[in-house]
Amino acid sequence: MTSTFRTLTVPLDAGSAQRGLPSFLTRDDVLCWTRREAGLVGFGELTRFSATGPDRFLEADIWWRHLVLEADVTDLVECPGTGPVAFGSFAFSKLSTHRSRLIVPEIVVGVRDGRAWLTQLTFDDVELTEAGALAALKGWLEGSEEGPGEVPLDGGLAGGVALGGPLLGGVPAEPGAAVVPQTKLETGSLSEHDWMAAVVAGVAEVRTGKLEKLVLARDIVATLPEGVNAVEILRQLAVRYRECWTYGVDGLVGSTPEMLIQVEGRTAQARVLAGTLDRRDADGMEGSPLEFAERVLAGSEKQRHEHEIAIQSLTKQLAPFSEAMNAHSEPFILELPNVWHLASDVKAELTEVEGHVPTCLALINALHPTAAVCGTPTLVAGALIRKLEHMDRGPYAGPVGWLDAAGNGEWGIALRGAVIEAPDTVRLYAGCGIVEGSQPEAELAETWAKFRPMLESLGISS
């Protein structure tokens, strides 16, 4: 006899909404999706799906739809993110050995538009009640274990690593002094020199006309003797990067400024970024910092060209699923604590395809990878990435987010993030769009600007 998937969603008190979602970030194993104090947090794991290969999105879509088709759902709130919910993270590449996944939690807390709710999910044949759901949430919160030492919000870490040039491994001890383990930061698959050589090779390929744009990423590895405190990383990112979507799924943590696709009913939205400027570059410049950003980004032919490629990539792939679409005629400057971006928002009204509105995962299958994280043409850029990067990106630059049974969902691109590989080890990723005018030294500096959110959340000054 097969157990029935059952869920109960009930309102939470107004105080929960006022405190905001980050107040529920209490465990290192929490599932997280939050922006501006709203979003979803999940506790526990009821079931999961995983897959690899080119059909990973469609296989996950079929699994999820089958799971919720005959679910027994009681929803007293009825808004996006209530009822059955799964959090997900997908590999960037169809050739990756990294397993893409959907995870269904046991308890979900949601905050949206001044409202808060609680969902309990189960396969057990027991009566679901509001009192039982609240007791289950209390058990998860009271059973929370703080990570190994909190990191202050100013990002300081005594004896830590200061960055900006070569990677350092700590401060030498005085003769006779006790040796204290130091935070280490090391290059990953490629040294800085080798990665810049890859940029040169990428530019050369662009100049042949084989492709317009290539996105090259690199990785660095941080070792923290005191341990990686996952929940503190999420808290700090949620506070510092309120305009981004802070995510945590199965050891993948970060705060992305780029929305791949957000679906609410029949409305789909995306935020496309291409064109980056380190905010530190404005130091000593004439005029306001924002005027400097507008002059350098919006006034740059290279940056505008890179941005237009990213917009066209998205709108072309989204068009078959849309009956109407609009995008900003001019990109705007997105201000983040570490960088400025050229950004554009795209909105589309979804049309029925073969008798039904496409699901989030069906749209992701069509949209990923965009030019913003791969390049264009996609197949040429993807092959060149595998040749030049010398690494498996895993979930970096892949879709990350959540979906519900009604077809709503939010899926960002896993940027400004890292993978926790061991209790004391975390691998960080950052990438840059390479076009004909790209300069290796400038692209390397851009990666350090993009590493900054994660480095600061780890207590490593940059």
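Give me the net charge for the shell around Gly398: Cβ to Cβ below 14 angstrom, other residues only, Lys and Arg +1, Asp and Glu -1.
Spelling it out: positives minus negatives among the neighbours equals +3.
Calculate for the chain the 222 nm mean residue ellipticity that helices alone would give, adding -39,500 (n - 2.57) per DSSP H run of length 4 or more and normalising by residue count, nearest 500 deg cm²/dmol.
About -8000 deg cm²/dmol.
For the residue pair Leu95 and Glu130, what label-to-label distance in nm results when each label sits 7 Å from Cα along the Cα-to-beta-carbon direction?
5.5
Using just the Cα positions, wrap the chain in a convex hull and report its mean projected area in square nanometres, one decimal place.
Mean shadow area of the hull around the Cα atoms is 23.9 nm².
Say the cut-off is 25 Å between C-alpha atoms; which of Lys184/Lys213; Lys210/Lys450; Lys94/Lys210; Lys94/Lys316; Lys94/Lys387 go over it?
Going by Cα-Cα distance, Lys184/Lys213; Lys210/Lys450 fall outside the 25 Å limit.
Please order His356, His390, His98 by the number of other Cβ within 10 Å, starting at the fewest.
His356, His390, His98
Kirkwood hydrodynamic radius (Cα pairs, Å) of the stretch 184-457?
19.2
Compute the distance from the alpha-carbon center of the stretch 183-240 to that of the stretch 15-81, in whole Å.
After rounding, the separation between the Cα centres reads 28 Å.
Could you pull out the trypsin sites (Lys or Arg not before Pro) across the stretch 1-31 that fall in loop regions by DSSP (anything but H, G, I, E, B) with no more than 11 other Cβ atoms inside 10 Å?
Within the stretch 1-31, no trypsin sites (Lys or Arg not before Pro) qualify (loop, at most 11 other Cβ atoms within 10 Å).
If you wrap the stretch 368-443's Cα atoms in a convex hull and average its projection over all directions, what's the area in nm²?
One quarter of the hull surface, i.e. the mean projection, equals 7.3 nm².
If you line up the Cα atoms of the stretch 7-146 on their principal axes, what length do they span on each, largest first, in Å?
46, 32, 29 Å, listed from the longest principal axis down.
Read-outs: derived from the displayed coordinates by stated rules, not from any lab. Here the structure is a predicted model, which is why all the values come from computation and not from measurement. Positions of Cβ are generated from backbone atoms using ideal geometry, with glycine treated the same way; all protein chains shown enter the neighbour counts.
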